[in-house]
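Colleague: Structure in structure tokens, see below.
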Amino acid sequence: MELALSYGWMILVLWLILRAHGQRGLLPVLYPVSIPIRDPPSVSIIVPARNEGHNLPRCLHSLLHQNYRQDRLNLIVVDDNSTDDTFAVGCSFAGRSRSLKIIRCPPLPPRWCGKPHACWIGARMSRLDDEWVCFMDADVQAGPELIGSAVTAARSQQLALLSLAPRQRLGSFSERLIIPCGLFLMAFRQDLETVQSPHSNQVTANGQFMLVQRHAYEFVGGHAAVHDAVCEDLELARLIKKAGGRVLLEDGKLLLAARMYTGWKSLWMGFSKNAVEMLGGRAAAFVTALLVLLLPPAGLLLPTIDGVGCASGHAADCVALVPALAGTAAATGLHIAGALYFRAPFWYGLIFPLGYAVGGCLAFESLRRHWRSNIIWKGRSYP
């Protein structure tokens, strides 16, 4: 029995590594296009911002220095009833550029979530003849070729929606511990070959950056059609794909970077808000939470039990120890590589079971909030 468990553990780890590697190949990297587009289409960039005064300067400075014709860019910051200095920061930048304006969001209507409302208000205030609408989070910093490269890619591939995954900047202990495990989990769970296919009804998107063809956006009803969605990015992408538009997620690590959370509290609140949708619904989130709570400790326990048995002279345990150690070593090596990729000390890869344990608790907390209809984000409660 122990031999079967040890081999099962090793095979599972190797399969997960191969799957993650294969998934990475299905997420094309978008490379910077340094040559400006000769006759660029007009683009409205909407930045919804609630209590983002600390992030806005970096974000707006990067957007105001795009390698793109400024008369074809329309930058709108939507202050979503912030309680910090978001509006003042936006106003200070608006005074430096004619292409930037900041607006205050009206009070949140009943049954609306905050971000889709801010995005919708921004889209209504944009130039309706703009060919593209870009939604970008305030915690994102853009490289100078971002808009030009994204527009070029979207046009050349005839996309209705192009979403980019930024390079994630991690600072605190909690970010470095949990976010790499969460991204590995998404790579293990999602079948990118299916969701990226235009023939599938499944979809994926990242709300940190979405470039949407104006016609496609208006055709599906824009953010008003997903007004009550906690993960409005996925729902909007799903509507556009269902309507026949091509939707694609690409790796934007060379063009933009983001720091989603700055510490334990914001990370806990953010993931407990989104985890159920990110993991594919309540049933999938429940199963995933159980697996990430049980499998990593089991991977440590198996070689320990086999090692003790082998030291006691049990030949069967000595045989089982080899695949058990191989599986655990491979899993540890994968997470050390992940830690180094995110520019974190290697030892974060050694404590990966702790990251998954916290991730499992986050998934259960997200389930609890969804079952109780008590989702809280940035001082608001959504039923």
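No lab work stands behind these numbers, since they all come straight from the coordinates. This structure is a prediction, so every number in the text was calculated from the model and none was measured. As a convention, Cβ positions derive from the backbone with ideal geometry for all residues, glycine included, and neighbour counts pool all protein chains shown.
Colleague: For the range 115-158, what is Rg from Cα atoms divided by 2.2 N^0.38 Å, rounded to two decimals?
Modeller: 1.31
Colleague: Students often get this wrong, so try it: which of (1) 29; (2) 10; (3) 17 is percent of Cα pairs over 41 Å apart as calculated from the structure shown?
Modeller: (3)
Colleague: Report the relative contact order of the range 1-132, percent, no decimals, based on alpha-carbon pairs under 8 angstrom and at least 6 residues apart.
Modeller: That works out to 28 percent.
Colleague: Share of antiparallel DSSP beta bridges in the range 161-312, in percent to the nearest 5?
Modeller: Rounded to the nearest five, the antiparallel share is 30 percent.
Colleague: Below 11 angstrom from the Cβ of Val78, what's the summed charge of the other residues (Lys, Arg +1; Asp, Glu -1)?
Modeller: +2
Colleague: If you don't mind, there's one more thing I want to ask. So in the chain, what percent of DSSP beta bridges are antiparallel if you round to the nearest 5?
Modeller: That works out to approximately 35 percent antiparallel.
Colleague: Grab the other residues whose beta carbon is less than 11 angstrom from that of Cys119, score K and R as +1, D and E as -1, and report the net.
Modeller: Here the charged neighbours net out to -2.
Colleague: Between the range 41-111 and the range 292-337, what's the alpha-carbon centroid distance in Å?
Modeller: 52 Å
Colleague: Roughly how many debye, to the nearest 20, is the charge dipole of the range 191-311 about its Cα centre, given +1 on each Lys and Arg Cβ, -1 on each Asp and Glu Cβ, and no other charges?
Modeller: 220 debye
Colleague: Another one. What does the charge add up to near Asp317, with Lys and Arg as +1, Asp and Glu as -1, over the other residues with Cβ less than 9 Å from its Cβ?
Modeller: -2
Colleague: In degrees between 0 and 90, to the nearest 10, how far off the longest principal axis of the chain does helix 315-341 point, with axes built from Cα atoms?
Modeller: In the chain, helix 315-341 runs at an angle near 20 degrees to the longest axis.
Colleague: How about the range 285-376: which trypsin sites (Lys or Arg not before Pro) there lie in a loop by DSSP and see at most 12 other Cβ atoms within 10 Å?
Modeller: Loop-located and lightly packed - Arg343, Arg372.
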